[in-house]
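Participant: Below you'll find the structure I mean.
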Amino acid sequence: MSEAIDIAECIVDEKMLIDAISGILVFSDKVISDDDAERIKRRLRMTKIERLYEEEKEQAVRTAAKKEKKNIASNLLRDGITIEKVIQFTGLSRRTVQGLAAKI
């Protein structure tokens, strides 16, 4: 369900976006999780500026989380943990972990 919401949020036209999200909410009323329903309702209440702010905030959180994962990966590599295990523990891509390993 959250994939449908993510796809709908790519719609640029504001009216079409609201129609799509409202349609998802109405269609899925009986099967939707409480979290997804709340996400849709929150999205419908947001103004364009609020959405932009929310998107920037989410991007900052993702960036910080990735930076933290890279720090953890670097520490694990320094401690002799294999690249495969670091990938498994952090969820980082092989390319990213190999790049970190090359710097150590």
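Participant: Need the failing condition index for residue 91 against (1) of a type outside the set (Ser, Thr, Tyr); (2) assigned by TED's automatic domain parsing to the domain that holds residue 4; (3) at positive phi, just the number.
Facilitator: Of (1) of a type outside the set (Ser, Thr, Tyr); (2) assigned by TED's automatic domain parsing to the domain that holds residue 4; (3) at positive phi, only one is false for residue 91: (2).
Participant: Under 9 Å by Cβ, and 6 or more places apart or on different chains, what pairs join a residue from region 8-25 that is farther than 15 Å from residue 37 by Cβ with one that is β-branched (Val, Ile, Thr) and loosely packed, with under 14 Cβ neighbours inside 10 Å?
Facilitator: 20/7
Participant: Return the total of residues in region 1-46 being part of a helix (DSSP H, G or I) and hydrophobic (A, V, I, L, M, F, W, C).
Facilitator: So the count comes out to 16.
Participant: Kindly establish whether residue 34 is exposed (fewer than 11 other Cβ atoms within 10 Å of the Cβ), out of contact with any Cys (no Cβ under 7 Å at 6 or more places or on another chain) and of a type in the set (Asp, Glu).
Facilitator: Here the answer is yes, as residue 34 does meet what is asked.
Participant: Confirm whether residue 61 is loosely packed, with under 11 Cβ neighbours inside 10 Å and within 17 Å of residue 3 (Cβ to Cβ).
Facilitator: Spelling it out, it is not the case that residue 61 is loosely packed, with under 11 Cβ neighbours inside 10 Å and within 17 Å of residue 3 (Cβ to Cβ).
Participant: A follow-up question, please. Working carefully through the options 23, 80, find the one that is surrounded by fewer than 12 Cβ atoms within 10 Å (Cβ to Cβ) and more than 15 Å from the chain's Cα centre (by Cα).
Facilitator: Selected residue: 80, the only one of 23, 80 that is surrounded by fewer than 12 Cβ atoms within 10 Å (Cβ to Cβ) and more than 15 Å from the chain's Cα centre (by Cα).
Participant: What are the residues in region 54-104 that are touching a residue at least 24 places away in the same chain (Cβ under 8 Å), in a helix (DSSP H, G or I) and of a type in the set (Val, Ile, Thr), if any?
Facilitator: Hits for region 54-104 are 96, 97.
The values are calculated or read from the model by the stated rules, or taken from the named source; none is laboratory data. Values in this document were obtained by computation on a predicted structure and should not be read as measured data. Ideal geometry is used to build each Cβ from the backbone, glycine not excepted, and the neighbour counts take in all protein chains shown.
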